[in-house]
Amino acid sequence: MTAKSIDQESQRELANDYASVVLEKMESNKKEWEDPLTGLRNRRALMKEAVESLIHRIRDGGDCAILMLDFDHFKEVNDIYGHPGGDQALKQMAQIIESSVRADDRIYRYGGEEFTVFLENVTMEVAQVIAEKIRKKVEETIIEINDKKGKEVNLKKTISIGFASTKQLPNQESYSKEILGNIDPLKIKGLIEKDVLEPLLKMADIALYDAKREGRNRVECFRG
């Protein structure tokens, strides 16, 4: 083997090693932001991406909305069919939600049997329509799982949804394109998370509680 061929072989090995490192880093980043069960983005991703979208909307105009969704009586699925069956149901629930929203809407697994949908540049009326579309699609879809003995079982389940819009925030006038321009860029994300995103999530969660209190399988808007 010549010195030239040895050098080429070394370069190929270095390139392969570099590619492996890049792939490992990409996989690590994916795990950091993705829910391993459903393949949806996770709560951590929601907090990061929603803040970025809210800043963008404040600068360019338009409202955002958040839907909080909860799988009705999910504990019964786990208790009767086991956690593997519950996992199957959650995966299919995620797929149903994905098939019911607009291409630019973002879906997250918020935790447990709760999901969140972030709607950008949307009116409250359109947010209501999207939420109702999800609710109806879940109600009409048969969820196929296996019970504890591996037998196939068909389930009909429902979902409760609460939503809130940035239009409903009591302090929305505190943040405008002009005001953002006067805030230290390093502090903007923290302020938007604290003063806009967290209150918006709380409002949507209150609306979700109202939906469950009113009998489940329904959509409720935050009423203040």
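The values are calculated or read from the model by the stated rules, or taken from the named source; none is laboratory data. Fair warning: this is a prediction, and the values are worked out from it, not measured in the lab. Note: ideal-geometry Cβ built from the backbone for every residue, glycine included; neighbour counts use all protein chains shown.
Each row is one residue, and each column tells you yes or no for (1) out of contact with any His (no Cβ under 6 Å at 6 or more places or on another chain); (2) surrounded by fewer than 17 Cβ atoms within 10 Å (Cβ to Cβ); (3) modelled with pLDDT of 95 or more.
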position	(1), (2), (3)
Lys167	yes, yes, no
Ile179	yes, yes, no
Lys194	yes, yes, no
Glu198	yes, yes, yes
Met203	yes, no, yes
Ala211	yes, no, yes
Val219	yes, no, yes
Residues of segment 121-152 satisfying the condition of being within 13 Å of Ala65 (Cβ to Cβ) and modelled with pLDDT under 95: Asn121
Being more than 15 Å from the chain's Cα centre (by Cα), closer than 26 Å to Gly39 by Cβ and surrounded by fewer than 20 Cβ atoms within 10 Å (Cβ to Cβ) is the requirement here; does Asn171 meet it? no
Under the condition of being crowded, with 19+ Cβ neighbours inside 10 Å and among the small types (Gly, Ala, Ser), which residue from segment 96-134 is nearest to Asp60 (Cα to Cα)? Ala127
Quickly run through segment 54-77 and pick out the residues that are assigned to a helix (DSSP H, G or I) and at pLDDT 95 or above. Phe74, Lys75, Glu76, Val77
Filtering segment 73-95 down to residues that are closer than 22 Å to Cys221 by Cα and surrounded by 18 or more Cβ atoms within 10 Å (Cβ to Cβ) yields Met93, Ala94
